[in-house]
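Right, one structure below, let's go through it.
The values are calculated or read from the model by the stated rules, or taken from the named source; none is laboratory data. From a predicted model like this one, the values you see are computed outputs, not experimental measurements. Cβ: placed from backbone, ideal geometry, glycine included. Neighbour counts: every protein chain shown.
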Amino acid sequence: MNTETVIINDIENHEAQADFKRAGAVIKQGGLVAFPTETVYGLGGDALNPEASGKIYAAKGRPSDNPLIVHIAELDDLYRIVTEVKEEAVKLAEAFWPGPLTMIFPKADIVPLATTGGLETVAVRMPSNKIALEFIKASGGYIAAPSANLSGRPSPTSARHVADDLSGRIEMIIDGGPCTIGLESTIVDLTGDAPMILRPGYVSQKMLEDVVGEVAIDPAITGPVDENVHPKAPGMKYRHYAPKGLLTIVSGDSKAVTEYIKAHIEENHSKGKRVGVIAAQESLKEYVKADFCGNAGCINDEVEISSGLYGLLRECDERAIDVIYSEEFDTPQLGMAIMNRLMKAAGHTVVNV
Ligand code: TXA
Ligand code: MG
């Protein structure tokens with residue numbers, strides 16, 4: 001299959017309008033279009049067409065028990081695909097939609113089980129990216145979209161990342177530039193007694209609690225790794241976001257972290273291994289001997305760190321890095337999401353120095 005890439009800078013533009021029409025036609029015919037959102041690029045198909053959902057799983061090589069998020073562009077459209085909208089959901093939608101928040105609802109019959117991975121619940125999100133909203137509207141209003149990466153790879157935060165993984169497997173890629181947040185949306189389950197975070201993201205526990213009161217966090221994503229405790233979001237159980245190189249997170253006092261990483265650059269070099277380091281801009285100069293110095297950004301700019309993280313993991317692969325050391329990024333709002341993804345990418349390998 002030939003994958004066409006269209007670049008959209010200005011949605012009002014005449015050509016852009018024609019591109020949205022064509023992308024919408026691809027979706028209505030059951031095809032797949034990758035598109036930008038403020039979190040990561042999504043791989044879109046018609047959420048109400050089971051065959052399209054099947055194609056999404058096939059293109060990504062994704063296990064079919066891992067449900068897809070349905071993306072909408074208008075709040076009214078929510079009521080057609082779910083059977084109950086609690087007051088908490090209304091408040092959260094008012095506060096964070098459009099934006100990087102996904103909520104889980106009981107699904108209406110119109111949503112095929114092929115889209116929800118066989119579950120009777122459905123995850124719904126209204127993204128804030130203007131290109132995403134136009135594309136969803138042009139496609140009939142309901143776009144099922146996982147992150148547009150091959151299963152197991154870091155999520156794509158640019159159109160090039162999407163093309164690297166899915167070129168030849170999908171009909172179209174809409175290139176809308178780099179993603180501003182760079183980590184997948186916060187997922188909140190509203191089908192239980194109290195709201196529960198199933199995946200941390202840009203919208204933090206505190207931001208949610210300011211709107212609806214107490215919000216729990218799925219213990220499987222914060223607690224110690226236990227093979228018998230399964231996360232409630234099926235996708236969170238898979239090894240994910242992982243570069244090919246062996247990643248270790250180094251945690252502790254910043255001076256000790258720097259010393260540890262420097263010593264390990266030397267040690268790995270003596271074994272003939274190529275070493276990458278992911279570090280805050282402030283400490284990067286310490287690691288000049290590494291084969292790849294990944295600048296995560298300023299320690300006080302958490303969105304700079306989150307938006308660049310997956311790109312750095314991919315760059316380690318492109319540079320054939322064997323061993324990667326990352327500093328810890330324990331920032332106030334996004335720290336939990338950043339460390340959740342880094343920990344998964346590292347297979348939970350952390351060294352405390
Ligand atoms: O930011 C995002 O959410 C991006 C962009 C494209 O919108 N999408 C994304 O989709 O991250 P994906 O498929 O990579 O991750 C969806 C996650 C998976 O962990 C899945 O298990 C969970 O959402 N999920 C989907 N439906 C669910 C449901 N009904 N119950 C529990 N978890 C669900
Ligand atoms: Mg994903």
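On the basis of being surrounded by fewer than 24 Cβ atoms within 10 Å (Cβ to Cβ), of a type outside the set (Ser, Thr, Tyr) and more than 24 Å from Ala138 (Cβ to Cβ), does Val6 make the cut?
Working: surrounded by fewer than 24 Cβ atoms within 10 Å (Cβ to Cβ): yes; of a type outside the set (Ser, Thr, Tyr): yes; more than 24 Å from Ala138 (Cβ to Cβ): no.
In short, no.
To keep it simple, each residue is scored yes or no on (1) at pLDDT below 95; (2) among the charged types (D, E, K, R); (3) on the phi > 0 side of the Ramachandran plot; (4) part of a helix (DSSP H, G or I).
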{"site": "Glu259", "(1), (2), (3), (4)": "no, yes, no, yes"}
{"site": "Ile265", "(1), (2), (3), (4)": "no, no, no, yes"}
{"site": "Gly272", "(1), (2), (3), (4)": "no, no, yes, no"}
{"site": "Val277", "(1), (2), (3), (4)": "no, no, no, no"}
{"site": "Gly308", "(1), (2), (3), (4)": "no, no, no, yes"}
{"site": "Leu312", "(1), (2), (3), (4)": "no, no, no, yes"}
{"site": "Ala320", "(1), (2), (3), (4)": "no, no, yes, no"}
{"site": "Tyr325", "(1), (2), (3), (4)": "no, no, no, no"}
{"site": "Met339", "(1), (2), (3), (4)": "no, no, no, yes"}
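Are there any helices (runs of 4 or more DSSP H) wholly within the range 87-204 with 1 or more residues that are away from ligand 1 (no atom under 12 Å from the Cβ), farther than 20 Å from Asp77 by Cα and of a type in the set (A, V, I, L, M), and if so which? Reasoning before the result, please.
On the way: elements: 87-96, 130-138, 159-166.
Where helices (runs of 4 or more DSSP H) fall fully within the range 87-204 and carry at least 1 residues being away from ligand 1 (no atom under 12 Å from the Cβ), farther than 20 Å from Asp77 by Cα and of a type in the set (A, V, I, L, M), they are 159-166.
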For this session: Select from the range 279-306 the residues that are in contact with a Leu (Cβ under 6 Å, 6 or more places away or on another chain) and part of a helix (DSSP H, G or I) and write down the one among them that is nearest to Val40 (Cα to Cα).
Result: Ser306
For this session: Out of the residues in the range 19-44 that are outside any helix (DSSP H, G or I) and away from ligand 1 (no atom under 16 Å from the Cβ), state the one that is nearest to Arg160 (Cα to Cα).
Result: Gly31
For this session: Please specify each residue of the range 78-100 satisfying the condition of being in contact with a strand residue (DSSP E or B) (Cβ under 8 Å, 6 or more places away or on another chain) and either without any contact (Cβ under 8 Å) to a residue 12 or more places away in the chain or closer than 17 Å to Thr191 by Cα (or both).
Result: Leu78, Ile81, Val82, Thr83, Glu84, Val85, Ala89, Leu92, Ala93
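Quick check: anything in the range 58-66 under 16 Å from the mean Cα position of the chain (by Cα), over 17 Å from Val124 (Cα atoms) and in a helix (DSSP H, G or I)? Explain how you work it out, then say what you get.
Narrowing the range 58-66 to residues under 16 Å from the mean Cα position of the chain (by Cα): 60, 62, 66.
Still in the running and over 17 Å from Val124 (Cα atoms): 60, 62.
When the remaining residues are screened for being in a helix (DSSP H, G or I), the result is 60.
There is at least one residue in the range 58-66 that is under 16 Å from the mean Cα position of the chain (by Cα), over 17 Å from Val124 (Cα atoms) and in a helix (DSSP H, G or I).
Is it the case that Arg160 is within 16 Å of ligand 2 (Cβ to nearest atom) and either among the basic types (Lys, Arg) or free of Cβ contacts under 8 Å to residues at least 40 places away in the same chain (or both)?
On the way: within 16 Å of ligand 2 (Cβ to nearest atom): no; either among the basic types (Lys, Arg) or free of Cβ contacts under 8 Å to residues at least 40 places away in the same chain (or both): yes.
Considered against the rule, which asks whether it is within 16 Å of ligand 2 (Cβ to nearest atom) and either among the basic types (Lys, Arg) or free of Cβ contacts under 8 Å to residues at least 40 places away in the same chain (or both), Arg160 comes out as no.
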Exercise. Mind checking whether some residue in the range 80-100 is out of contact with any helix residue (DSSP H, G or I) (no Cβ under 6 Å at 6 or more places or on another chain), within 16 Å of ligand 2 (Cβ to nearest atom) and at pLDDT 95 or above?
Worked result: yes
Exercise. Under the condition of being within 13 Å of Asn340 (Cβ to Cβ) and assigned to a loop (DSSP other than H, G, I, E, B), which residue from the range 230-240 is modelled with the highest pLDDT?
Worked result: Ala233
Seminar exercise, completed: Expected single match for out of contact with any helix residue (DSSP H, G or I) (no Cβ under 8 Å at 6 or more places or on another chain), farther than 15 Å from Ser147 by Cβ, modelled with pLDDT of 95 or more and away from ligand 2 (no atom under 16 Å from the Cβ) among Glu227, Glu171, Glu214 is Glu214
Exercise. In this structure, does Val203 turn out to be surrounded by fewer than 21 Cβ atoms within 10 Å (Cβ to Cβ), within 22 Å of Gln333 (Cβ to Cβ) and in contact with a Phe, Trp or Tyr (Cβ under 9 Å, 6 or more places away or on another chain)?
Worked result: no
